[in-house]
Amino acid sequence: MLTINNLSINYKNNEVLDGFNLELNQGDIFALLGDSGSGKSSALRFIAGLDQAENGSVELDGEQLSMDGNHNISPEARGVGMVFQDYALFPHMTVEKNIRFGITDKSKTEQRERVKELLTLMGLEDIGKKYPHQLSGGEQQRVALARALAPSPKLLLLDEPFSSLDKHHRDSLVIQVRDILKKSKVTSILVTHSKDEASVLADKVGKIQNKQLHIN
């Protein structure tokens with residue numbers, strides 16, 4: 001489903017990844033561990049098509065996205081969703097409008113049905129008309145996840161999505177997010193510093209050490 005071969009990335013003239021290889025099947029949840037500056041987020045950004053690499057290829061669902069470090073498919077055409085550390089919700093939009101943002105090409109009826117489906121999946125049925133500043137951190141996280149899932153991506157990338165939450169809420173949300181991802185059957189990659197998060201959320205866990213990926 002997802003195949004990454006021989007990925008090498010430099011950042012500010014420093015090599016951060018060298019010979020990164022990964023293969024995931026449909027519906028796998030993979031957690032990527034590593035120290036700060038190890039290249040975790042750089043790998044995600046390359047998969048998403050946001051950054052270039054010196055070498056390597058990415059194939060998703062049989063389609064070559066990148067080859068020899070160059071992107072063949074633009075970020076918006078990859079079928080890849082992303083949840084950022086700061087959630088990046090639009091403050092002037094309601095929850096419903098935030099979720100609808102990536103599916104405006106669909107009919108109004110399809111948009112309403114998809115938003116309703118995701119609000120139910122996230123357990124957020126009662127907050128559709130609220131704005132981000134009126135939500136708790138956990139609610140904001142689930143809205144960001146719903147927005148990323150709305151277009152039905154082939155692959156979902158999550159860049160340290162729980163780091164701003166306190167431990168109590170984080171532990172609870174990690175379990176909820178795993179359940180949501182499994183119900184959605186979307187292949188996912190989570191970047192995290194936490195071994196506990198990785199062990200609870202992921203089917204497979206890998207760590208970047210000495211510029212290479214080691215699968216546990």
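The values are calculated or read from the model by the stated rules, or taken from the named source; none is laboratory data. Bear in mind the structure is a predicted one, so any value in this text is a computation, not a measurement. FYI the Cβ positions are ideal-geometry reconstructions off the backbone, even for glycines, and counts take in every protein chain you see.
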Please go through the range 100-147 and pick out each residue that is among the acidic types (Asp, Glu) and within 21 Å of the chain's Cα centre (by Cα).
GLU117, GLU139
Here the residues within the range 41-81 that are within 16 Å of the chain's Cα centre (by Cα) and assigned to a loop (DSSP other than H, G, I, E, B) are GLY49, LEU50, ASP51, ARG78, GLY79
When you go through (1) touching a residue at least 40 places away in the same chain (Cβ under 8 Å); (2) of a type in the set (A, V, I, L, M); (3) in the same structural domain as ASN21 (by TED's automatic domain parsing) one by one for VAL177, which number turns out not to apply?
(1)
Which residues, counting only those in the range 124-148, are outside any helix (DSSP H, G or I) and at pLDDT 95 or above?
LEU124, GLU125, ASP126, ILE127, GLY128, LYS129, LYS130, TYR131, LEU135
Filter result for the condition that a residue is over 16 Å from LEU157 (Cα atoms), at pLDDT 90 or above and either in the same structural domain as ILE189 (by TED's automatic domain parsing) or buried (at least 21 other Cβ atoms within 10 Å of the Cβ) (or both), over LEU7, LEU22
LEU7
Are any of the residues in the range 73-92 without any contact (Cβ under 8 Å) to a residue 40 or more places away in the chain, acidic (Asp, Glu) and buried (at least 18 other Cβ atoms within 10 Å of the Cβ)?
no
